[in-house]
Amino acid sequence: MKGKVDFTQGPITSQILVFSIPIVLGELFQNLYNSVDSLVVGNFVGSNALAAVSVCDTLSNLLVGFFTGMSVGSSVVVARAFGGGDPEELSDSIRTAFGFSVLLGAALSLLGILLTPVLIDLAVPPPEVRTEAMSYLRIYLAGLMFTVIYNIGAGILRAVGDSRSPFLILLLACIVNIILDLVFVVALSLGVAGVGIATVISQGLSVLLVYRRIAQFDPQFRFAPRQLGAHRTIIADVMGIGMPSGMQSALISFSNLFVWRYVSGFGPEAMAGIGVGQRIDKFVSMPCKAFGTTITTFVGQNTGAGDYARAKRGVRSCLLLSFTVAICLGATVFIFAPSCAALFDPNPAVVEIGVAMMRTMLPFHSFFAMREVYIGLLRGYGNSRMPMLLSLVSMVGLRQLFLSISMRLRPDLINIYLCYPLAWIATALLIWGYYRMVRRRYEPQEA
């Protein structure tokens with residue numbers, strides 16, 4: 001396959017960069033799906049509509065996060081088969097992982113539609129926001145299976161060394177999404193429902209394209225759900241690695257719903273401002289997540305090939321690159337924070353809150369980078385359970401404890417800003433400490 005990277009040989013740092021850049025760009029355009037929704041409704045509909053989309057972003061992440069985490073299991077299983085050099089095993093892994101994702105994605109869309117009112121009520125939005133939030137979320141979740149299938153399909157492609165194709169697919173889908181957003185909202189005046197419909201259509205397009213690309217790599221590839229029972233071992237491996245990762249993402253998103261319960265008490269402008277801060281923070285954190293994804297594939301391929309020393313060298317390179325990008329990008333956004341926030345909503349109150357949140361969080365992104373790389377490393381070794389548990393302790397337990405205490409002592413938005421970097425720091429240190437304790441188990445060449 002053209003553009004495929006074989007991590008088992010060649011210069012490590014340049015390979016990581018070449019592989020990570022399309023992932024970063026892909027993450028950029030994937031985040032643009034909802035960010036474009038926010039830009040359009042914030043500028044052409046109003047602050048209440050922006051608040052509704054911001055609430056739904058957290059709610060949809062609750063379900064998307066689970067199956068996106070499940071894609072880690074598919075990536076590790078396929079990467080190991082690729083590194084092991086067995087074409088038949090690789091083909092079986094690809095077909096089984098993709099077929100499994102289709103069935104789970106369909107179930108997820110149905111579940112999301114049924115649970116929309118329950119999910120909305122968890123965030124306790126004010127009455128002026130609730131109706132629009134319901135409309136957007138139900139449409140978005142109806143097409144959630146497309147997001148699930150695309151993410152797992154993209155994970156399969158990255159596992160065999162192709163990070164370029166997922167990026168190009170997302171680029172095209174994002175362009176389609178932008179055009180449809182403007183048509184449905186500006187020309188047809190469909191409001192938040194319009195941006196939801198545009199997102200679902202563009203995500204459906206991305207699924208068709210990723211399916212076609214996988215079929216080009218594996219001539220035997222096809223969707224055959226009846227064959228899933230013949231490959232229970234592969235499904236068990238995907239579930240064993242992916243389930244903890246999915247639970248981690250889903251439970252962290254669930255925890256964010258309770259953060260929004262606190263935010264809702266400050267009104268629609270605070271909700272919109274927090275939503276703006278979170279969206280911009282996603283763009284800053286994208287390179288760190290990309291390096292975490294890259295090291296999972298790097299370690300998976302090299303452990304499949306039995307080269308543990310090379311896997312460890314890749315971790316050092318990934319950490320250095322991730323720290324450098326986090327510091328440089330964070331400093332740039334810190335300086336231009338007001339202009340970035342105003343892109344989403346020119347309302348001065350919204351901009352002020354968004355800027356305050358960003359400038360509180362940005363200095364701590366090095367800990368976020370550290371967390372992502374070490375989580376990716378452990379997942380590449382096939383250990384996703386302990387990263388899940390340690391992440392939940394910090395990202396869910398510590399965050400909620402901090403908010404519960406701080407909001408009782410002094411109800412203030414600064415507590416919302418601080419709960420995120422506090423959780424990053426705690427998670428990074430816990431996972432690093434755990435890795436130091438167990439690394440000899442995964443690095444037999446370690447002296």
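The values are calculated or read from the model by the stated rules, or taken from the named source; none is laboratory data. Note that the coordinates shown come from a computational prediction; the quantities given were computed from them, not determined experimentally. FYI the Cβ positions are ideal-geometry reconstructions off the backbone, even for glycines, and counts take in every protein chain you see. Surface accessibility is based on the protein's heavy atoms, side chains included, excluding ligands, DNA and RNA. Shrake-Rupley method; radii C 1.70, N 1.55, O 1.52, S 1.80 Å.
List the number of the failed condition for Phe298; all other conditions in (1) of a type in the set (Phe, Trp, Tyr); (2) open to solvent by 10 Å² or more (accessible area, probe 1.4 Å); (3) under 22 Å from Ile156 (Cα atoms) hold.
Condition (2) is where Phe298 drops out.
Name the one entry in Val185, Val176 that is in contact (Cβ under 8 Å) with a residue 24 or more places away in the chain and either among the aromatic types (Phe, Trp, Tyr) or more than 30 Å from Arg95 (Cα to Cα) (or both).
Val185
If I filter region 44-51 for residues that are modelled with pLDDT of 75 or more, surrounded by fewer than 22 Cβ atoms within 10 Å (Cβ to Cβ) and out of contact with any Lys or Arg (no Cβ under 8 Å at 6 or more places or on another chain), do I get at least one hit?
Checked region 44-51: no residue is modelled with pLDDT of 75 or more, surrounded by fewer than 22 Cβ atoms within 10 Å (Cβ to Cβ) and out of contact with any Lys or Arg (no Cβ under 8 Å at 6 or more places or on another chain).
Among the residues that make up region 104-119, is at least one of them touching a Pro at 6+ places or on another chain (Cβ under 8 Å) and open to solvent by 30 Å² or more (accessible area, probe 1.4 Å)?
no
Does region 367-387 hold any residues that are under 15 Å from the mean Cα position of the chain (by Cα), of a type in the set (A, V, I, L, M, F, W, C) and under 30 Å from Ile234 (Cα atoms), and which are they?
Val373, Ile375
Do you know which residues across region 158-215 are under 24 Å from Thr296 (Cβ atoms), open to solvent by 30 Å² or more (accessible area, probe 1.4 Å), modelled with pLDDT of 85 or more and touching a Gly at 6+ places or on another chain (Cβ under 7 Å)?
Scanning region 158-215 gives a single hit, Tyr211.
Do we find a residue being under 22 Å from Pro363 (Cα atoms) and in contact with a Ser or Thr (Cβ under 9 Å, 6 or more places away or on another chain) anywhere in region 300-313?
No - not one qualifying residue is present in region 300-313.
Being open to solvent by 30 Å² or more (accessible area, probe 1.4 Å), farther than 14 Å from Ser245 by Cα and among the charged types (D, E, K, R) is the filter here, so list the residues in region 379-428 that pass it.
Result: Arg408, Arg410, Asp412.
Enumerate the pairs (first residue in region 239-267 and farther than 16 Å from Gly397 by Cα; second residue anywhere and basic (Lys, Arg)) with beta-carbon separation below 6 Å, excluding pairs fewer than 6 apart on the same chain, so at least 6 apart or on different chains.
Taking only residues 6 or more apart or on different chains, the pairs are Pro244/Arg385.
Return the only residue of Glu132, Glu88, Glu128 being of a type outside the set (A, V, I, L, M), surrounded by fewer than 16 Cβ atoms within 10 Å (Cβ to Cβ) and in contact (Cβ under 8 Å) with a residue 24 or more places away in the chain.
Answer to the selection: Glu128.
Pairs under 7 Å by beta carbon, first residue at positive phi and hydrophobic (A, V, I, L, M, F, W, C) in region 194-219, partner in a helix (DSSP H, G or I) and modelled with pLDDT of 85 or more, six or more apart or different chains?
none
Is at least one residue of region 320-333 touching a helix residue (DSSP H, G or I) at 6+ places or on another chain (Cβ under 8 Å), open to solvent by less than 10 Å² (accessible area, probe 1.4 Å) and touching a residue at least 60 places away in the same chain (Cβ under 8 Å)?
no
Just to be sure, is Gly306 touching a helix residue (DSSP H, G or I) at 6+ places or on another chain (Cβ under 7 Å) and either free of Cβ contacts under 8 Å to residues at least 24 places away in the same chain or surrounded by 22 or more Cβ atoms within 10 Å (Cβ to Cβ) (or both)?
no
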